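Okay, so here's the structure we're looking at.
The values are calculated or read from the model by the stated rules, or taken from the named source; none is laboratory data. Note that this is a predicted model, so its numbers are computed, not measured. Backbone-built Cβ (ideal geometry, glycine too); neighbour counts: all protein chains shown. Ligands, DNA and RNA are stripped out before the accessible areas are found, and what is left, the full protein with its side chains, is counted by its heavy atoms. Shrake-Rupley method; radii C 1.70, N 1.55, O 1.52, S 1.80 Å.
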Amino acid sequence: MTDFLQLVLSGMATGSIYALAALGFTLLWQASGTINFAQGEFVMLPAFMMLAFGSVGLPLPLAFLATCGVAVGVLGWAFKRGIADPLLRHGLMPIVVATIGLAIAARNGVRAGYSAEAHPFPGLFGDRLFQIAGVTVTLADIGTLVLALALVLATQAFLQRTVTGRAMQAVAQNTESATVLGIDVPRMVFYTFAINALLACAAALLVTPTYLAKFDMGEGLGTKAFFAAIIGGFNNSRGALLGGLIVGVCENLAAAWISPAYKDAVALVLFMAVILFKPQGLLGRKVERKV
Amino acid sequence: MIEFDDVVAGYGDFMILNHLSLKAARGKITLLLGPNGAGKSTVLKTLFGLLKVRQGRVRLDGRDITGASARQLLTEHGVAFVPQGRNLFGQLSVWENLELGGITLGMKTTHERIPEVLERFPRVRERLHSAAASLSGGEQKQLEVGRALLLRPKVLLIDEPSIGLSPLVVQDVFRLLRRLADEQGVTVLMVEQNVKSALKMADEAIALESGRQVLHRRADELLADPHIERLFLGGAHTMAAPV
Amino acid sequence: MKKLPLMAGLAMAVVLLAVPPFLKNYGVYLFSYWMVFVIATMGLNLTVGYAGQKSLGHAAFFGIGAYSVAILMQHGHSFWLGLALAVVGCFVIGLVLGFPALRVQTLYLAFATLGFNTAVWLVMRNEEWLTGGTFGINGIGRPELFGFSLGRALPYYYFVLGVTVVMALLQWKLLSSPWGKAFTALRDNPIRAESLGLNIQAYTLLSFAIGAVYAGVAGALFASLVEFIEPAPFTVGASIMMYLMVVVGGPGYFFGPLLGSAVGVLLPEWLRFAQAWYLTVFGVAVILLMLWLPGGLLSIPARLAARRQARAASAARAAAAARIGG
Amino acid sequence: MTPPVLQVADLAKAYGAIKAVDGVSFEVKPGEIFGVIGPNGSGKTTLFNSVLGQIRPDRGRIALNGRDITQVSPRQLNRLGVGRTFQTLQVFGQMTVRDNLIVAAQEHQGSMLGRLFAPGDSGLGARADALIDQFRIRHVAHQKAGELSYGQQKLVDIAMAFMSEPALVLLDEPCAGVNPSLVGGISTLLKALNRERQGSFVVIEHNMDFVMDLCHRILVMVEGRVLAVGTPDEIRANKQVLDAYLGN
Amino acid sequence: QAIKIAGLYELSGPGASAGTMFKNGADLAIKEINAAGGILGKKIEHSISDTQTNPGVAKGLATKAIDDGAFAVFGPVFSGSIMVSMAETQRAEVPNFTGGEAAAITTKGNPYIFRTSFTQATAMPKVARYIVDGLKAKSVAVMFVNNDFGKGGRDAITRALEAQGAKVVADISTDSGQVDFSAPVLKARNANADVLFVYTNEEESARALRELRKQGYAKPIVGETTLTGQKVIDLAGEAANGALAHVGLTVDAPNPLMLKFKAKFYQETKTISDHNGIKGYSGVYVLKAAIEKAGKLDRRAVAQAMRGLSLSAAKHPGVLMDVRFDDKGDLDRESFLVEVQGGKQVVKSVLPPLARP
Ligand SMILES: Nc1ncnc2c1ncn2[C@@H]1O[C@H](COP(=O)(O)OP(=O)(O)OP(=O)(O)O)[C@@H](O)[C@H]1O
Ligand SMILES: Nc1ncnc2c1ncn2[C@@H]1O[C@H](COP(=O)(O)OP(=O)(O)OP(=O)(O)O)[C@@H](O)[C@H]1O
Ligand SMILES: [Mg+2]
Ligand SMILES: [Mg+2]
């Protein structure tokens, strides 16, 4: 039983990491109708930015704030101007491929320009251990989980409950109609990417102590986040959290009790089942009526 | 007054309006008629800043609005536009669609005005919290018209509102437009294929063919004209016999 | 109009035939590598570009083809048997993979195929008794054709080229038959297509299965080209690269895969002068390409044609307007 | 006696609390042009989609020429000779108008395997051209259907329904957005097909001139139920119908 | 004119860390040699290319190296890639130095392939001996990474342990890039073995060590070079303390040459070299010695000279440690048993080569 709890708790900690990365996917899908294959790199870049700010002597919180600033400019504004604006109206394919290109460029740019090594990253929560019912958890585990939860709920509330959030969704669903209604489309698109950039920074802050700052850290993270987002439901931010936790926990249980070699397959089976029986995801809304 | 002066506009390299000039009087209801593909919708889209004006000028009450964006027209000139086809945010609820319709007004004003609109379109009120895409064709159109009225525009561009609306509702909408023009001096530029009913309520009519104005007359005159058929037929063709 | 693609194809064929003898082994190897990916992405182009099914699992079929040949040759069977198995195996598995496509569309389909790819990759990696696991399978030979050995680089290249041409002709025939229209209809509007009597289930499944066969054939050739395989070239990442090649080349354009694979295979090699930065440059090049031509490289001729057509239509319209006005 | 072409009995479909179609029964006789009218949201489109296998009705029975077709797929219905149009535009946007028409009938030519070896236009070019001329869309025949005006797309959509020469066609607001001259044309076409080939039609339409002139019988729906069925004259004289739908 | 050395390294993809280190090591050696006048009076020209950790690309690059007339080929490091590319270099009779540790590389009878480090087959018996004799363990749990490197090591250690009379009671597979080690650590804990043997790459080693500490694992943790590298210590922090490892090559060896190398490497690259850096560096010096022994720039003669080549660090400082090659291309030299103490590798004992020259 303790074993089980240990696995579940650890899985939830890992899962909340997936959830944070998945949150970006669901946000972009709901608010701009795109999929960003560079989402993992969007987490990796702020991690390195924070390291860079740290190396010139900024303490972590300041480095984080500075990184947020830079990220909103680069991953938000520049991404919007450089990639989203010209490509959004051409449908999904070109922008998806552009983000694949971006992922390749970012990953290899960091590798060539900085280093191919993994770098340790200061943890936000210190290295404290707790014993709860015979189960060991770290402060970081709990902190990540709580913060992930908070971010997910905040994002969800923003999108669903504020007019700006809904205007962002409106732009994704029908840009021309949004224009006709006088919605400031470019600004909404910018908000979307700016928020995405901020979420990526937050994710980087929480994720990197475990993932380590490495040029290809985004690759694995991106894939897992993908799975998490689908299982939870792509058009729902809470889904990202649920999906992330499910993937994290299932992986752990499978690795311990089924087959470590096929542990990814368990998430996969789940994933297939969700896709086939509830394609909109566990918490996703069904898209209504086509004819 | 809406004024097109020698306007050239189109899609990519395909010019639909070739040196089009036309005028729609202020505070009047002007109909835009013509065969399918004449360029009626293109006129409205160009006017509303959705298509680029390649040549010529567009003026509104004497002010040059060539190249103005939709947002500017809406906020600075009080122009609202109901396009042809379906233009809702399908996955958002009816209520949310209405709210977004008033985004340029601020939420306070919008919330004050929404009940008024709902009263006018009771079918829409019944479905207030359903996703817009689940509405029937006519219900969706009603919602769209309502959403535009929320803005209390000074100029209303409306593209074939009668598509999908049942006869009673069409009458309602037409009557409403008439009142807006008469009581509030709203300028209405409307495209219609439902020619006879539309002419009955309109002030003037412009017929378009291949992107050219072929006629501009008073609506009542036109209605009385025995040759009216020819005008919106796009020449003298009728459909050939079946094979 | 129909002649233009044919002419371009012929010109390209001349280049492909005449240049390699003047290249060193490395050049020939690259050309072979390129052709292998042309075949694979031709299949993906059918599935994604023409039939509009979002597939991110193409590398799995590529791998199935490669392992078919590798495993059979390892056990002393001929390449040709492996190739046949690759074709049949991929067709059947492609059909099976098509089934999720009947239930889910667009984004979700992409995910399902991505999951399938991961599953296949896991099997390749873990079932050591069959696939050699991460140690891979070494010493895969090259076939003989009519008693003529294809072991050396140049003969093998011409063999691969020959297969490419055959596969291209088959696809050309397929696409110019009513099936081609059916696939496009399926892509544009499946609901309408079904109400017009199109068996969208069958066409969907077939678009996957036929696409998979192309990948399988390519995989078979790949195994013999590299003479060693392990699971790494068949990951989701590889599928994503293939998707990139199709989109960059121009999805739904017949010769798109030829150019797209050149971008995916040859461009990084050309960029090697940029040293450590060459992949960064490659990534940026892909972005710029998309910004310049969102419809892919082969949308240039289509764009020009569309422009010409639009100008003609404009002129016709202006003339009509003049008649009325006059 | 020949069975009705289309027989619908006690059909119902609800979305949550909304009874979109609520126990509708009617028959369409061979060679009949049957109109369906009713206020917005009265369930006409839902009725069509249920009959045509697009959505699954909650209850009810549908028969085509006496054969049960409840829950038969749209494709099979098409193969059984049922054509249709949709209320929303449904064309193949990336294909040319002519290809739209060809693809609309090609599945009726030979077997699937046979089509692999058939000529690109499946021998349907002439028929497509004839319809193109009839609907006066010759000048846009080689344009992409997605780049046409609303009315032009509507015409393509209707023409597609006739490509495979179906015995029964269900049309959902065919005249919406179509120029009056062509509305007359469509009317003429339907009448001629009806006369010459005994084609049966079910038409949803809000254009009363069209409906009254064309239809042999008309069904009026209100709130998912049948309010009245009758000849145009009967319907025009029905007080309830006037109140609910037609006005003055 | 110049001696062309073609370096085919994993500079991107999963092998990027290892490949970059190997490249940097080789590059440093080449710079030094050129500065000192080259080999037989000729300068070395180092052409570097990236295999993307993809065997198909590696094969092409090997072909290219041969097309370009490379005198010798360095790399790739990953076993899968070297398996493919060495077929090309063998066909062209070009000496090929690899960092791969898989046993299979030298069992194919390829006379042109040479290692720059132990195979797992030589290293593991040494570890096993220490586990059984030094730690008096009867049962061992093995945690390995599920790739060719990890599986090869797992097979070798299992064989070696069984030969020494210890039992492997748990066989725990982990993924490359795995983040959450709670399940494998739990399994290790539940196995209740006397010793845990961990054979994963550096980053995963660090994560495993952290999780082991988190779950309070108290038994000895033993590994190979990748368990106690400086990188691991940096990443795992305190959790690395107490980990034991058999290390073929470490910059912390009690060896002045090694310390000098460490400093130079740091100066060049601002990173601390791991075993791959040492492999690349010493490999180039081995080649130099072999060419000088052959006395001419003849590939076949150099390959011939490599057989049974025995080099002492005293005479050839660049090889850093005494080394001896056998006729298969495998090498033998002394190695170390280290423990992490206070965030540093401390050498506990020096293990002699298997066979003294
Ligand atoms: N998928 C759905 N989910 C929820 N409600 C639906 C759905 N489809 C239809 N409805 C509701 O069912 C009712 C009937 O709709 P239907 O489209 O059949 O009307 P209609 O008679 O065709 O109207 P119109 O003349 O406006 O096209 C409407 O109130 C509509 O809102
Ligand atoms: N998106 C587009 N791209 C290219 N051409 C277009 C596009 N939209 C319309 N057209 C062309 O422009 C011409 C005029 O279209 P428009 O929509 O203005 O016609 P309309 O008069 O509104 O017709 P309808 O009565 O059918 O709505 C048509 O010939 C059509 O082919
Ligand atoms: Mg129009
Ligand atoms: Mg309807």
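Counting only helices (runs of 4 or more DSSP H) wholly contained in the stretch C:142-214, the ones carrying 1 or more residues that are within 20 Å of the chain's Cα centre (by Cα), more than 9 Å from chain D (Cβ to nearest Cβ) and closer than 30 Å to residue E:88 by Cα occupy C:153-176. The residue pairs whose first member lies in the stretch B:48-74 and is free of Cβ contacts under 8 Å to residues at least 24 places away in the same chain, whose second member is open to solvent by 60 Å² or more (accessible area, probe 1.4 Å) and not aliphatic (A, V, I, L, M), and whose beta carbons are closer than 7 Å, counting only pairs six or more residues apart or on different chains, are B:64/B:57; B:66/B:57. Would you confirm whether any residue within the stretch D:46-68 is at pLDDT below 90 and either part of a helix (DSSP H, G or I) or more than 16 Å from ligand 2 (Cβ to nearest atom) (or both)? Within the stretch D:46-68, none of the residues are at pLDDT below 90 and either part of a helix (DSSP H, G or I) or more than 16 Å from ligand 2 (Cβ to nearest atom) (or both).
Here residue D:181 fulfils each of the conditions (1) over 21 Å from residue D:34 (Cα atoms); (2) more than 16 Å from ligand 2 (Cβ to nearest atom); (3) assigned by TED's automatic domain parsing to the domain that holds residue D:8 apart from (2). Of all residues in the stretch E:81-116, those satisfying the criterion of being open to solvent by 10 Å² or more (accessible area, probe 1.4 Å), part of a loop (DSSP other than H, G, I, E, B) and more than 11 Å from chain C (Cβ to nearest Cβ) are E:93, E:101, E:109, E:111, E:112.
State whether one or more residues within the stretch E:245-266 are farther than 28 Å from residue A:126 by Cβ, in contact (Cβ under 8 Å) with a residue 40 or more places away in the chain, within 13 Å of another protein chain (Cβ to nearest Cβ) and crowded, with 24+ Cβ neighbours inside 10 Å. Checking the stretch E:245-266: not a single residue is farther than 28 Å from residue A:126 by Cβ, in contact (Cβ under 8 Å) with a residue 40 or more places away in the chain, within 13 Å of another protein chain (Cβ to nearest Cβ) and crowded, with 24+ Cβ neighbours inside 10 Å. Here residue D:214 meets each of (1) touching a residue at least 24 places away in the same chain (Cβ under 8 Å); (2) surrounded by fewer than 16 Cβ atoms within 10 Å (Cβ to Cβ); (3) more than 18 Å from residue D:6 (Cα to Cα) with one exception, condition (2).
Listed here are the residues, each with its yes/no results for (1) among the aliphatic types (A, V, I, L, M); (2) within 16 Å of ligand 2 (Cβ to nearest atom).
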{"site": "B:133", "(1), (2)": "yes, no"}
{"site": "B:136", "(1), (2)": "no, no"}
{"site": "B:141", "(1), (2)": "no, yes"}
{"site": "B:151", "(1), (2)": "yes, no"}
{"site": "B:159", "(1), (2)": "no, yes"}
{"site": "B:166", "(1), (2)": "no, no"}
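Looking at (1) without any contact (Cβ under 8 Å) to a residue 60 or more places away in the chain; (2) within 21 Å of residue E:74 (Cβ to Cβ); (3) assigned to a loop (DSSP other than H, G, I, E, B); (4) open to solvent by 30 Å² or more (accessible area, probe 1.4 Å), which one does residue E:293 not meet, given that it meets all the others? Failing condition for residue E:293: (3). Selection of the stretch B:87-112 for residues being of a type in the set (D, E, K, R) and farther than 24 Å from residue B:186 by Cα yields only B:96. Residues in the stretch B:203-214 that are under 16 Å from residue B:28 (Cβ atoms) and either charged (D, E, K, R) or touching an Asp or Glu at 6+ places or on another chain (Cβ under 8 Å) (or both): B:203, B:204. Among the residues that make up the stretch A:190-210, is at least one of them surrounded by fewer than 24 Cβ atoms within 10 Å (Cβ to Cβ), part of a helix (DSSP H, G or I) and within 14 Å of chain B (Cβ to nearest Cβ)? Checked against the condition, which is being surrounded by fewer than 24 Cβ atoms within 10 Å (Cβ to Cβ), part of a helix (DSSP H, G or I) and within 14 Å of chain B (Cβ to nearest Cβ), the stretch A:190-210 yields at least one hit. Of all residue pairs spaced 6 or more apart or on separate chains, those with beta-carbon atoms under 9 Å, a first member in the stretch B:20-41 that is within 14 Å of chain D (Cβ to nearest Cβ) and assigned to a loop (DSSP other than H, G, I, E, B) and a second member that is small (Gly, Ala, Ser) and within 11 Å of ligand 3 (Cβ to nearest atom) are B:35/D:151; B:36/D:149; B:36/D:151; B:36/D:177; B:37/D:149; B:37/D:151; B:38/D:149; B:39/D:149. Within the stretch D:146-191, restricting attention to residues that are more than 16 Å from ligand 3 (Cβ to nearest atom) and part of a loop (DSSP other than H, G, I, E, B), the residue that is nearest to residue D:215 (Cα to Cα) is D:174. Among the residues of the stretch C:19-33, those identified as surrounded by fewer than 16 Cβ atoms within 10 Å (Cβ to Cβ) and part of a helix (DSSP H, G or I) are C:21, C:22.
Residues being more than 16 Å from ligand 2 (Cβ to nearest atom), within 30 Å of residue D:222 (Cβ to Cβ), in contact with a Cys (Cβ under 8 Å, 6 or more places away or on another chain) and not small (Gly, Ala, Ser) are represented in the stretch D:28-42 by at least one member. The set of residues in the stretch D:31-86 that are surrounded by fewer than 20 Cβ atoms within 10 Å (Cβ to Cβ), among the polar types (S, T, N, Q) and in contact (Cβ under 8 Å) with a residue 40 or more places away in the chain contains only D:65. Yes or no: the stretch B:54-77 includes at least one residue that is open to solvent by 20 Å² or more (accessible area, probe 1.4 Å) and within 16 Å of ligand 2 (Cβ to nearest atom). The answer is yes; a qualifying residue exists. In the stretch E:144-154 there is no residue that is outside any helix (DSSP H, G or I), more than 13 Å from chain A (Cβ to nearest Cβ) and open to solvent by less than 30 Å² (accessible area, probe 1.4 Å).
In summary, residue B:34 fulfils each of the numbered conditions (1) on the phi > 0 side of the Ramachandran plot; (2) surrounded by fewer than 24 Cβ atoms within 10 Å (Cβ to Cβ) with the single exception of condition (2). Annotation note: of B:215, B:208, B:222, B:233, the sole residue that is in a strand (DSSP E or B), open to solvent by less than 40 Å² (accessible area, probe 1.4 Å) and at pLDDT below 90 is B:215.
Can you find a residue in the stretch B:96-113 that is in contact with a Phe, Trp or Tyr (Cβ under 6 Å, 6 or more places away or on another chain) and buried (at least 22 other Cβ atoms within 10 Å of the Cβ)? Yes. Going through (1) out of contact with any Asp or Glu (no Cβ under 7 Å at 6 or more places or on another chain); (2) open to solvent by less than 10 Å² (accessible area, probe 1.4 Å); (3) not acidic (Asp, Glu) one by one, residue B:164 falls short only on (1).
Here's a check for you: in the stretch E:315-329, which residue that is touching a residue at least 12 places away in the same chain (Cβ under 8 Å) and open to solvent by 20 Å² or more (accessible area, probe 1.4 Å) is farthest from residue E:240 (Cα to Cα)? Only one residue tops the list, namely E:327.
Taking residue D:25, is it at pLDDT 95 or above, out of contact with any Lys or Arg (no Cβ under 8 Å at 6 or more places or on another chain) and open to solvent by 30 Å² or more (accessible area, probe 1.4 Å)? For residue D:25, the condition - at pLDDT 95 or above, out of contact with any Lys or Arg (no Cβ under 8 Å at 6 or more places or on another chain) and open to solvent by 30 Å² or more (accessible area, probe 1.4 Å) - is met. Kindly indicate whether any position in the stretch E:119-137 is away from every other protein chain (no Cβ under 12 Å), under 16 Å from the mean Cα position of the chain (by Cα) and among the aromatic types (Phe, Trp, Tyr). No, because not a single residue in the stretch E:119-137 is away from every other protein chain (no Cβ under 12 Å), under 16 Å from the mean Cα position of the chain (by Cα) and among the aromatic types (Phe, Trp, Tyr).
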